[in-house]
Amino acid sequence: MSGKNAFAIASRLFYKMNGKSVDVSKLKTHTVHFGVIKEKDIVLDEVLLTVFVGPHSYTAEDIVEFSCHGSRFIQQQLIQLLIRKGARLADAGEFTFRAFFNKRLDLVQAEAVADLIASTSATSHQVAMQQMRGGFSTKIKVLRENLVNFASLIELELDFSEEDVEFADRDDLKNLVLSIQKVIHRLVESFELGNVIKNGIPVAIVGKPNSGKSTLLNVLLEEDRAIVSEIPGTTRDVIEDDISIDGILFRFIDTAGIRQTSDLIEQIGVSRTFEKIQKSSIIVYLFDVHELTSKELQKEIDEIKEHLNERSQLIIVGNKIDKEDLVYTEREFAGFKDILFISAKERINMDALRKRFVDLFDSRTINVTETVVTNVRHMQALHNAGSALEKVYDSLNKNVSGELISVDIKAALHHLGLITGEVTNEDLLQNIFSKFCIGK
Amino acid sequence: MFQTYDVIVVGAGHAGCEAAAAAANMGSKVLLVTMNMQTIAQMSCNPAMGGIAKGQIVREIDALGGYSGIISDKTAIQFRMLNRSKGPAMWSPRTQNDRQLFANEWRLMLEQTPNVDFFQDMVKSLIITGDDGDGRGTRVAGIITGMGIEIHGKSVILTNGTFLNGLIHIGDKQFGGGRTGEKAATGITEQLVTLGFESGRMKTGTPPRIDGRSLDHSKMEIQNGDEDPAKFSFLDNTSPFEKNSTFPKKQHNCWITYTNAAVHDILKTGFEKSPMFTGRIKGLGPRYCPSIEDKITRFAERERHQLFVEPEGWDTVEVYLNGFSTSLPEDVQYAALTKIPGFEKAKMFRPGYAIEYDYFPPQQLHLTLETKLIRNLYFAGQINGTTGYEEAACQGIMAGINAHLKINDRAPFILQRSEAYIGVLIDDLVTKGTDEPYRMFTSRAEYRILLRQDNADVRLTPKSFELGLASKERYERVQEKVKQSHEVMRYFKNESIDPSEINPVLEAVSSSPINQKVKMFNVLARPNVTIIDFTLYCIRIKEFLQQFRWESVVQAEILMKYEGYISKESEMVDKLQRLEELVLHEDFDYKQLTSLSSEAREKLAKIRPRTIGQASRISGVSPADISILMVYMGR
């Protein structure tokens, strides 16, 4: 993060481990600090924060670097948090551009900067286009059209008040704004869902220590990722990775086992686990079929369900079936609907489990045909357009004259234009002339 | 026979007249060449000045010290402030004028302007000299008239209007001409094309003129002038309607009537002979000034179209049928006319017609309106693809100013988009070009709230005074207005008012009453509350305000009531101003910047924008291209 407010923004979310706030601007340049990223009381991640006081930095401005855990999810959350606290996303090549402007780079390097801007903006545009999933681009097009129509109706009253055309009724205009706002709202809300699809559907694997969560994860990921050992509680932090099953991206999250423990670090792990359950779309409750009776399992499930968010789905999976009689086990747990029995270690029934993920995805709320916003930039633009429209609605209610309303409409169009391409005054006139008979 | 002039103006329409006046008033020796001395400053289309956005332009011309405002006032037969129901940024002055008087008044004012000579002849070509040996390219050095006379000048302003290869169409008849009954001008386009200019064709049209005595006004709606008419000029005593003038005149009325299905049916019978529909007219006409045949085709679902019946002057019986522009055969025009309510017995003075003429795509100009190809040669008005008297006149005054500045080696005078509609107009033309006749709309301006008709003098007069154009009298008036309006604002912001004093006001405008003393400004900021309301109920405020010109009080009121919006737009201007100040070198080699997109390279090389700000408005130049340009400028 670079710029004159970088330190102020960082100070709003970076805390020491003991929870004390930090004035980042008071930190010495070129120093590294350990702490947490926190919003309200929710800790997002433990991070290292590196401070560069301008002009001794890449851009020659004040810079803060965050080193967080290697998860796209955490990165996205951190970026969103920074935006909420007043930062904005850098344009393509902007850091280098700023470095150049602040005379940090010499002439030869300038050409490289120019090439960089040219190439990165081309790629980022391509990426943005690819990111338009589902009906996003169509929805946005309709939205833009509606807004252009709205702006045209207002302009019509102003520039063509002498013409024999019917001007829009204020109530109709209000309804139009409301309906546009509704769509924008839905799109903004879809962002979280969109992120889910883009970053993988989060699947939390939870269970008592040593129920085989790490083994299951490794089998699913088909590589040795988590530390596997016979000592319960080996996985102390959350480990995650993506895998694509039938073309759908799942992000599997191994968690620390859930148990009462006095080990401080493990306690943190357990509370993290519950957080992860909250944020996951699918929760796999894994248990060792030797360890639990159906009664005990019920108790465990009930506890998990307390932490479940209402849109997520629970899959109960009995592990280590290779060491047990299947008929007996099935009878014991007959009371649990849709329960699955596997052996992660021996790869028994793994395909059935994989299929279950895909089925759940297909039938669940995560519906890919629904229009979703997957790009932070788009989300931000929509959000800003929405706030501008709020002012428009307010002005309509107060019966403010059109040329003043127009100031906010144009702001909304500008923000939306960041996604759809700019709307020029000429576009508005074009629209007016095509719809209304103007001219003496 | 002729001296070497500083500025030779070719054409004496709205652009040419303003150009001549501006250059002469700044001290240049000016020659105004026209094909016909009897038709100086003709209103070739409707007899009216101003209107929405155009009225603001006339106010700006006046603030700069041009003549259009004064002449429009003096020859007005009706005044209306359009858009009164909206905020002050939308208020737009408009006059209905006496066509004959308007032209006479212009000629009179030009004749009284020192330094303006006249000559009647057609200009058939320009005298071009080669490089002056300084590598700055070819320069214009004068004109050659139809009679073969060479007249030398340091600069030439072309304001040929619709006369360059003008071709008039009525039905399937067509004949050369610049207006009906007037010859077209030939030779200049061909010469300019040879010199490397790109030219194109445009089309415009005009409605039939009617004998007012043959109309039945009882079948039409009446349209009155304002009860309390304002005026264009910031100077005193220019309006014939002012109550304190010796013989205040009574305003004329206009009328409104409508076409109907019968009118449309008759018009349709002429379509097979319509030069528009048969493709004989090649030029593109304006979408916002369509012919009646265009309207009934494009908006077939509409049962009627509005028509304005506008008198042509105080004494004449001729009326102008605004809204009925047509190039259909004259017999079809006439037959259709008689089906219009009130026109049953109409007599036609002359039929409507369409006219095609040459224009030069304006991207070939600098922001000073000087051509990029030939130094000291300026284009203004319809030759640049615009339409409208006001659009032409404001280009004229800017070309006149810049021609004078150039030959005196002074810095050019360029108005920003945030400073004037004139700035918006010229920047649009030069940066984006136009493929249909360009007309001003308020929606073309990004900073509409700042570009109001009430503050045109505050925005522009000090600049013009500094240039040596606006008079000291104008300048001092503006200074006074600014000072007074600040005093009024200070009064409203510092003085408090008692509930007993103000509550009757609030009650009258159904705004909620106050319970304790508040600053007057806070009450004024409410919607529906005006300064007049204060003066009606509070004697002390009325007495305080009486020491100021009313104009200053209104200025203060607008600045206070719209403070939030004004400062919002001002902030936006400040933010973008940095880009407007980054000047690009004129012979910058864009072709070498391979990091630019190829479209941007091509457009930039062609338009050669003056600043980064202007470059950013060229279509096809992306923000990434702008960043790259800035990187290179950093050198």
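The values are calculated or read from the model by the stated rules, or taken from the named source; none is laboratory data. The shown structure was predicted, so the numbers you read here are calculated from the model rather than taken from an experiment. Backbone-built Cβ (ideal geometry, glycine too); neighbour counts: all protein chains shown.
Remarks
- Some residue of the stretch B:378-391 being among the acidic types (Asp, Glu) and either under 21 Å from B:Ser155 (Cβ atoms) or touching a Ser or Thr at 6+ places or on another chain (Cβ under 8 Å) (or both): yes
- Tabulated pairs, the stretch A:172-199, first within 19 Å of A:Tyr393 (Cα to Cα) and polar (S, T, N, Q), second part of a helix (DSSP H, G or I) and at pLDDT 85 or above, C-beta under 7 angstrom, 6+ apart or interchain: A:Gln181/A:Gly386; A:Gln181/A:Leu389
- Hits in the stretch B:550-567 (condition: part of a helix (DSSP H, G or I), within 12 Å of another protein chain (Cβ to nearest Cβ) and buried (at least 17 other Cβ atoms within 10 Å of the Cβ)): B:Lys561, B:Tyr565, B:Ile566
- Given (1) at pLDDT below 90; (2) farther than 30 Å from B:His305 by Cβ; (3) assigned to a helix (DSSP H, G or I); (4) within 14 Å of chain B (Cβ to nearest Cβ), index of the condition A:Asp427 fails: (2)
- Residue in the stretch B:605-620 that is away from every other protein chain (no Cβ under 14 Å), assigned to a helix (DSSP H, G or I) and touching a Phe, Trp or Tyr at 6+ places or on another chain (Cβ under 7 Å) present: yes
- Any pair with Cβ under 6 angstrom, 6 or more apart, that starts in the stretch A:141-169 at a residue that is within 11 Å of chain B (Cβ to nearest Cβ) and ends at one that is hydrophobic (A, V, I, L, M, F, W, C) and assigned to a helix (DSSP H, G or I): A:Ala151/A:Ile409; A:Ala151/A:Leu428; A:Ser152/A:Leu428; A:Ser152/A:Ile432; A:Ile154/A:Ile405; A:Glu155/A:Leu428; A:Leu156/A:Ile432
- If you filter the stretch B:539-597 down to residues that are among the hydroxyl-bearing types (Ser, Thr, Tyr) and at pLDDT below 85, you find that the one that is nearest to B:Ser500 (Cα to Cα) is B:Ser597.
- Of residues in the stretch B:294-331 being of a type in the set (Ser, Thr, Tyr) and part of a loop (DSSP other than H, G, I, E, B), the one nearest to the other protein chains (Cβ to nearest Cβ): B:Ser325
- Test for B:Arg213: is it more than 22 Å from B:Gly148 (Cα to Cα), of a type in the set (Lys, Arg) and not in a strand (DSSP E or B): yes
- When the stretch B:493-518 is limited to residues that are β-branched (Val, Ile, Thr) and assigned to a helix (DSSP H, G or I), the one that is modelled with the highest pLDDT turns out to be B:Ile502.
- Counted as qualifying within the stretch B:28-89 are the strands (runs of 3 or more DSSP E) with 1 or more residues that are β-branched (Val, Ile, Thr) and over 17 Å from B:Met398 (Cβ atoms), namely B:30-34, B:76-82.
- For B:Gly285, the conditions (1) touching a helix residue (DSSP H, G or I) at 6+ places or on another chain (Cβ under 8 Å); (2) more than 11 Å from chain A (Cβ to nearest Cβ) all hold with the exception of (2).
- B:Asn83 being free of Cβ contacts under 8 Å to residues at least 60 places away in the same chain, within 11 Å of chain A (Cβ to nearest Cβ) and more than 17 Å from the chain's Cα centre (by Cα): yes
- Of everything in the stretch B:35-66 that is within 13 Å of the chain's Cα centre (by Cα) and more than 14 Å from every other protein chain (Cβ to nearest Cβ), the residue that is farthest from B:Phe441 (Cα to Cα) is B:Gly66.
- Take the conditions (1) away from chain A (no Cβ under 11 Å); (2) farther than 20 Å from B:Gly433 by Cα; (3) not in a loop (DSSP other than H, G, I, E, B); B:His585 misses just one of them, which is (3).
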